[in-house]
Amino acid sequence: MAKFFGNLHLVLVVGLAVAIGVMIAFHASAPVDSNSVFRWAHAFFGILWIGLLYYLNFVQVPTMPKIPAEQKGAITGHIAPKVFFFFRYGALLTLLTGLGISIVDGYGHEALTFSGEGNVKLIGVGMWMAIIMAFNVWFIIWPAQKKILGIVEATAEEKAAAAPRALYASRTNLLLSIPMIYCMVNANLG
């Protein structure tokens, strides 16, 4: 058991196999199509992305000032780069699978242009919030974090300037995540 649960990749592969088994076993009552696969992947990647957003904002960022200087290297050198890898790709894949759902369901254009009715407009608001959030991850937070974590060369002044940019973008994403989740959960399209 320890060998199995100690291997993250093996656990993920088995989890995927179990999910496929559930899809096959319940195919008659819940048909498996591209829409259901997109929705499942969207939920998985969304949980990964928003879970890490909340981890960063509720745990890591507020705790860092309390960590002794000699111990910070373990976080900035080992944990944070891994967190930001899954964080940014979770954002990208959440966005792509969400857009995939809107295309398969045929409401993408109406949602993004707010030309649809009722719930299509609501999901459009959520989609735009997610687009802004993903933009923040890839074009503000990640470039700033590369400097802060020493992944790219940066002067002390550049690192100091990057920190508030990353924080403001991350807190903007936290703020937007709350209404975005409401939009996604309550649009009930599909």
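No value in this document is a laboratory result; all are computed from the given coordinates. All of these numbers come straight from a predicted model, not from anything done at the bench. Neighbour counts are summed over all protein chains in view; Cβ atoms, including those assigned to glycine, are modelled from backbone coordinates with ideal geometry.
Miscellaneous remarks
- Protection proxy ranking of 28-40, 57-69, 175-187, by the mean of other Cβ atoms within 10 Å over each peptide's residues and highest first, is 175-187, 28-40, 57-69.
- Once the gyration tensor of the Cα atoms in region 69-147 is diagonalised, the equivalent ellipsoid follows with semi-axes of 35, 11, 8 Å, ordered largest first.
- Each Cα pair of the chain feeds into the Kirkwood radius, which the Stokes-Einstein equation turns, at 4 °C and 1.567 mPa s, into a diffusion coefficient of 70 µm²/s.
- Positive end of the dipole of region 71-190 (Cβ unit charges, origin at the Cα centre): among Leu112, Phe135, Ala166, the Cα lying farthest that way belongs to Ala166.
- Rounded tilt (10° steps) of 80-105 against the dominant C-alpha axis of the chain: 20 degrees
- Spin-label pair Ser115-Thr63: with each label point 7 Å from Cα along the Cα-Cβ axis, the two points sit 4.8 nm from one another.
- With the simple spin-label model, which puts each label point 7 Å out from Cα in the Cβ direction, the Phe86 to Tyr168 separation comes to 3.0 nm.
- Dipole magnitude (debye, nearest 20) for the chain, charges at Cβ of Lys, Arg, Asp, Glu: 540 debye
- Region 1-109: C-alpha gyration tensor shape, a/c 1.5 cut-off, then a/b vs b/c: oblate
- Degrees separating the helix 156-186 axis from the principal Cα axis of the chain, which is the longest one: 20 degrees
- Within the straight-line cut-off of under 20 Å between alpha carbons, the lysines reachable from Lys72 are Lys82, Lys146, Lys147, Lys159, sequence neighbours fewer than 8 places apart in one chain being disregarded.
- Straightening the chain between Ile103 and Ile132 buys 8.5 nm, computed as 0.36 nm per residue apart minus the Cα-Cα spacing.
- Scanning the chain for GluC sites (Glu not before Pro) in DSSP loops with at most 16 neighbouring Cβ atoms within 10 Å leaves 1-116 as the longest stretch between them.
- Value at 222 nm in deg cm²/dmol, rounded to 500, when DSSP H runs of n ≥ 4 in the chain each add -39,500 (n - 2.57): -24000 deg cm²/dmol
- 15 Å reach of a label modelled at Ala160, 7 Å along Cα-to-Cβ, counting backbone N of region 60-75: none
- Counting neighbouring Cβ atoms within 10 Å and putting the fewest first, the residues His27, His9 line up as His9, His27.
- Residues of region 23-61 falling in the label zone of Ala74, defined by backbone nitrogen less than 19 Å from a point 7 Å along Cα to beta-carbon, are 56, 59-61.
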